[in-house]
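Chemist: Let me give you the structure first, and then I'll get to my questions.
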Amino acid sequence: MAVSVIRSNTRQAASAFTPRAKARGISADLSMKGDTMPFTPFHIGPALLIYSLLLFIDPFALIFGSTFPDLEGFAYFITNGTTPHGPLHSIIGATLIALITATPTSIIAWKIIENASQKKIRAPSLKITVASALLGAYSHIFLDSLLPKIFYGDVNLAWPFAYWTPLLDAVTPEQMYLFCTASFIAGTIIILIRTRNKKISNNNVQDNQN
Ligand SMILES: [Zn+2]
């Protein structure tokens, strides 16, 4: 979901097709940069929900992986790019962005935390970090690929091969916003409860050992 316009009135948006954009299957809204709002942060909601269920994974890599595919959306906004959802919104592109940017960024983030922290912090293993970055990036392109064609018709999961985005138009932007927001709230609550329980059980183990 990127850096893209989400309008409640899709009919209004449909009427905004220009011949050139229409020929490419891309909404004119995608080329109306001033009339857009960032959607990228909403990807953090589902990432938090995933982390709440899989606390052993790397949260940084997961969040970086789930937001970095939209780097091309930002590039589109600040340049004369033709589309906000290009190669990075594909299975191959998401894999590359996870391996080349999200994984190293996460490793750096853990190093910074380790250096800044008084306590000993154990960073996740490289295998976990890579898997988390991939999970985040795939969750991003999966969610984007469900959205309306009018905004996301340029997502080709099979890039550089023939167009293949089978679930396009499966949900409305409103449903996606709701899901992402609910995921953020549910994920945060579950993480708080599970980490609290973990702390309590760790303390109990320590008390029993003493
Ligand atoms: Zn996106």
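The values are calculated or read from the model by the stated rules, or taken from the named source; none is laboratory data. On a predicted model such as this, the values are computed, not experimentally measured, just so you know. Reconstructed Cβ throughout: ideal geometry from the backbone, glycine too, with neighbour counts over all protein chains shown.
Chemist: Considering only helices (runs of 4 or more DSSP H) fully contained in the stretch 103-210, which possess at least 1 residues that are over 23 Å from residue 51 (Cβ atoms), within 16 Å of the ligand (Cβ to nearest atom) and of a type in the set (Lys, Arg)?
Modeler: Numbers: elements: 103-116, 126-144, 149-152, 173-209.
Of the helices (runs of 4 or more DSSP H) lying wholly inside the stretch 103-210, those with at least 1 residues that are over 23 Å from residue 51 (Cβ atoms), within 16 Å of the ligand (Cβ to nearest atom) and of a type in the set (Lys, Arg) span 149-152.
Chemist: Residues to consider are 98, 94; find the one that is at pLDDT 95 or above, within 11 Å of the ligand (Cβ to nearest atom) and part of a helix (DSSP H, G or I).
Modeler: Numbers: 98 fails: within 11 Å of the ligand (Cβ to nearest atom).
Selected residue: 94, the only one of 98, 94 that is at pLDDT 95 or above, within 11 Å of the ligand (Cβ to nearest atom) and part of a helix (DSSP H, G or I).
Chemist: Any chance the stretch 59-78 includes a residue that's part of a helix (DSSP H, G or I), polar (S, T, N, Q) and modelled with pLDDT of 95 or more? Lay out the reasoning, then the answer.
Modeler: Let us first name the residues in the stretch 59-78 that are part of a helix (DSSP H, G or I), namely 59-78.
With polar (S, T, N, Q) added as a condition, the list becomes 66-67.
Now restrict to residues that are modelled with pLDDT of 95 or more: 66-67.
Among the residues of the stretch 59-78, at least one is part of a helix (DSSP H, G or I), polar (S, T, N, Q) and modelled with pLDDT of 95 or more, which makes the answer yes.
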